[in-house]
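A quick write-up on the structure given underneath.
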Amino acid sequence: MTRYAGRGFAAINYPIGMNLGGDPAQALVHSTPDGKFMVTLSAIDLGQGMKSVTRQIAAEALGVPMEDVYVDTADSDTGPHDMGSFASRGTHRVGNAVIRASSEARAQMMEAAAEELEVNATDLDTDGQGNIHVKGAPQRKITVAETAIAAQFKQGRTLSGRGIFLIEPSGVDPDTGEMSPVTTYAHAALIVDLTVDDETGEVTVDKINSAYEVGRALNPKLVEQQLIGGAWMGVSHALYETTEPYYPDRAHGPEDFNTYLMPGPGEIVPHDIAVLERPAADAPYGGKGPGEMCANPVLPAVANAVYNAVGVRVDKLPITPEKILRGLQAQGGAKPGPRRPGTQ
Amino acid sequence: MPKKPMSFTLNDAETGVFVEEGQNLLEALRRGAGDLSPKFGCGQGTCGACTVLIDGAPHLSCLTLAEAAASRRVETTGGLAAGPELHPLQTAFMEGFAAQCGFCTGGMLMVAKALLAENPRPTREEVIEAISGNLCRCTGYGPIVDAILTAAARMQGRAA
Ligand code: FES
Ligand code: FES
């Protein structure tokens, strides 16, 4: 038995959102009478941080403290239309819609405050702490809460906003099939170091080094969390997960979580991440978000590392011990590729 | 089907529910007692999302007959915090970003609580062993293991 070390590399350009029908997202923002703001969305948070990030975006665009913003993603029947949480589109599409809705609500809030302070709305600014003041004269101010109460009970004015973000729909060229699916890409490069056992065909992923370009990381800890968890899922897809191991034959397919293989807490792969921030021009405060890209580059990098380790090129996922052993048998044993200096 | 009254202690409160014959504890907690913190993941004992403590020991509530908890002490994540004071495990999970969707979190917290009650200074391997019956789809497990070790250290007044 010999264990062969291998290193694999992969780099991807990953589309943010898609172009089906312009990929619209809508947001509604309204104030409560006590000066809090409610953001209503139909894009849901499935753990990726949609609520946290849209809350930050709304607070920034409104000019109010984040604690005073609530995000409601309760129901796609009652909320404004959104294409959904998929295609790595959330931060970019929904975030842009939230900025527009919040800006409209902010304009109304400033009008209401101007009426109370008897100045022009253009002379007012927010301090982000819950106050609206005259530019250059911070003592002439009114709180957001007082403004909301005045708007509601005195002025008969709503502090609310609507926002939609739609990209230029791109038609398909009937001759070439060419279209422009997206407006923005995120990028990643990833190196996997692993070991292949030539007797059992088993692969142990030893280390992942990655760099992700996600625009501005609007919430750096959430980005990091998503990249760590996503890479785990990438390893899982690369080496373990399948419902039809002999596709299209259903034979030996798993039937529950006992037989559906995934790496567990004993197979945690050390992962060093570099997040590169290059704010994107058409993204909300520059943030594109990692999305699906957090899992995807892991798969080709693992396949390349297996090839580098033993010379077996597996082109069907997952890369199971059986496929590696069959490959080894067909080529008469391990044929390790070139080693980089510093690796075994 | 006739329902039978049953009482037990849920997070230190005397609780009564009506249970059907054959009903599992998970349903009795969620529907009967209105405690939604234990989750239904698989309903067949393979994911750990429904884990609760009965007399301090972790049990898969989807595989436990409700009546088996009669007159016993049941603990769920819903009772971990003391008012606004989070349990050290909850604080460590929150600070260490050990949850994304949160579906596995209740089960993870309960097995961790039972582990630390029995073994206040677990090694990393012991933590991994303790949570090995609990699936997580989001975090990659690393942040969860770290958070449990951090909480253990803090509960002992040690540096992590
Ligand atoms: S719901 Fe009980 S183990 Fe999955
Ligand atoms: S946080 Fe989503 S399953 Fe663990």
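A short reminder: the numbers here are calculations on the coordinates, not readings from a lab. As the structure is a prediction and not an experimental result, all values here were calculated from the model. Glycine gets a Cβ as well: all are built from the backbone with ideal geometry, and neighbour counts include every protein chain shown.
Among the listed residues B:41, B:48, B:78, identify the single one that is small (Gly, Ala, Ser) and not in a loop (DSSP other than H, G, I, E, B). Full working, then the answer.
Values: B:41 fails: not in a loop (DSSP other than H, G, I, E, B); B:48 fails: not in a loop (DSSP other than H, G, I, E, B).
Going through B:41, B:48, B:78 in turn, just one is small (Gly, Ala, Ser) and not in a loop (DSSP other than H, G, I, E, B): B:78.
Got a sec? Which of A:77, A:72 is more than 15 Å from residue A:36 (Cα to Cα) and under 35 Å from the mean Cα position of the chain (by Cα)?
Details: A:72 fails: more than 15 Å from residue A:36 (Cα to Cα).
From the options A:77, A:72, the qualifying one is A:77.
So the check is Cβ under 6 Å with 6+ separation or different chains; which pairs have a first residue in the stretch B:30-46 that's under 15 Å from residue B:8 (Cβ atoms) and a second one that's assigned to a loop (DSSP other than H, G, I, E, B)?
Within 6 Å, the pairs are B:30/B:36; B:35/B:76; B:38/B:50; B:38/B:76.
Residue B:68 versus (1) more than 16 Å from ligand 2 (Cβ to nearest atom); (2) among the small types (Gly, Ala, Ser); (3) assigned to a loop (DSSP other than H, G, I, E, B); (4) within 21 Å of residue B:7 (Cβ to Cβ): which is the lone unmet condition?
Of everything listed in (1) more than 16 Å from ligand 2 (Cβ to nearest atom); (2) among the small types (Gly, Ala, Ser); (3) assigned to a loop (DSSP other than H, G, I, E, B); (4) within 21 Å of residue B:7 (Cβ to Cβ), residue B:68 misses just condition (3).
Which is part of a loop (DSSP other than H, G, I, E, B), in contact (Cβ under 8 Å) with a residue 40 or more places away in the chain and away from ligand 1 (no atom under 16 Å from the Cβ), of A:218, A:227? Break it down into steps so the answer makes sense when it comes.
On the way: A:227 fails: part of a loop (DSSP other than H, G, I, E, B).
It is A:218.
With the checklist (1) surrounded by 24 or more Cβ atoms within 10 Å (Cβ to Cβ); (2) within 13 Å of ligand 1 (Cβ to nearest atom); (3) within 13 Å of chain A (Cβ to nearest Cβ) in hand, flag the one item residue B:140 doesn't pass.
All conditions are met except number (2).
Would you check if there is a residue in the stretch B:90-98 being within 13 Å of ligand 2 (Cβ to nearest atom) and hydroxyl-bearing (Ser, Thr, Tyr)? First the steps, then the outcome.
If we filter the stretch B:90-98 for residues that are within 13 Å of ligand 2 (Cβ to nearest atom), which is where we start, we get B:93-94, B:96-98.
Retained after the next criterion (residues that are hydroxyl-bearing (Ser, Thr, Tyr)): none.
No; the residues of the stretch B:90-98 include none that is within 13 Å of ligand 2 (Cβ to nearest atom) and hydroxyl-bearing (Ser, Thr, Tyr).
Select from the stretch A:228-286 the residues that are charged (D, E, K, R), within 14 Å of another protein chain (Cβ to nearest Cβ) and touching a helix residue (DSSP H, G or I) at 6+ places or on another chain (Cβ under 9 Å) and write down the one among them that is nearest to residue B:143 (Cα to Cα). Please lay out each step first, then the result.
In the first step, residues of the stretch A:228-286 are kept if they are charged (D, E, K, R); the result is A:241, A:244, A:249-250, A:255-256, A:267, A:272, A:277-278, A:282.
Applying the additional criterion that residues be within 14 Å of another protein chain (Cβ to nearest Cβ) yields A:241, A:255-256, A:267, A:272.
Next, from what is left, pick out any that are touching a helix residue (DSSP H, G or I) at 6+ places or on another chain (Cβ under 9 Å): A:241, A:267.
Numbers: A:241: 22, A:267: 13 Å.
Out of the qualifying residues, it is A:267.
Take residue A:48 and decide whether it is farther than 30 Å from residue A:131 by Cα and crowded, with 17+ Cβ neighbours inside 10 Å.
Details: farther than 30 Å from residue A:131 by Cα: yes; crowded, with 17+ Cβ neighbours inside 10 Å: yes.
Spelling it out, residue A:48 is indeed farther than 30 Å from residue A:131 by Cα and crowded, with 17+ Cβ neighbours inside 10 Å.
Results for (1) within 13 Å of another protein chain (Cβ to nearest Cβ); (2) within 13 Å of ligand 1 (Cβ to nearest atom); (3) over 30 Å from residue A:223 (Cα atoms), shown as yes or no for each residue.
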position	(1), (2), (3)
B:46	yes, yes, no
B:49	yes, yes, no
B:55	no, no, yes
B:58	no, yes, yes
B:67	no, no, yes
B:87	no, no, no
B:92	no, no, no
B:96	yes, no, no
B:104	yes, yes, no
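Only residues that are more than 28 Å from residue A:51 (Cα to Cα), buried (at least 18 other Cβ atoms within 10 Å of the Cβ) and not aliphatic (A, V, I, L, M): list them for the stretch B:101-137, please.
Matches in the stretch B:101-137: B:113, B:122.
Return only the number of the condition from (1) more than 10 Å from chain A (Cβ to nearest Cβ); (2) of a type outside the set (Ser, Thr, Tyr); (3) assigned to a loop (DSSP other than H, G, I, E, B); (4) within 11 Å of the chain's Cα centre (by Cα) that residue B:134 does not satisfy.
All conditions pass for residue B:134, except number (1).
Filter the stretch A:11-64 down to residues that are assigned to a loop (DSSP other than H, G, I, E, B), under 30 Å from residue A:191 (Cβ atoms) and within 14 Å of chain B (Cβ to nearest Cβ) and give me whichever is farthest from ligand 2 (Cβ to nearest atom).
Within the stretch A:11-64, the subset assigned to a loop (DSSP other than H, G, I, E, B) is A:16-19, A:23-24, A:32-36, A:41-49, A:63-64.
The next check asks that each one be under 30 Å from residue A:191 (Cβ atoms); those that pass are A:16-18, A:46-49.
Next, from what is left, pick out any that are within 14 Å of chain B (Cβ to nearest Cβ): A:46-49.
Details: A:46: 9, A:47: 5, A:48: 10, A:49: 12 Å.
Ranking the candidates gives A:49 first.
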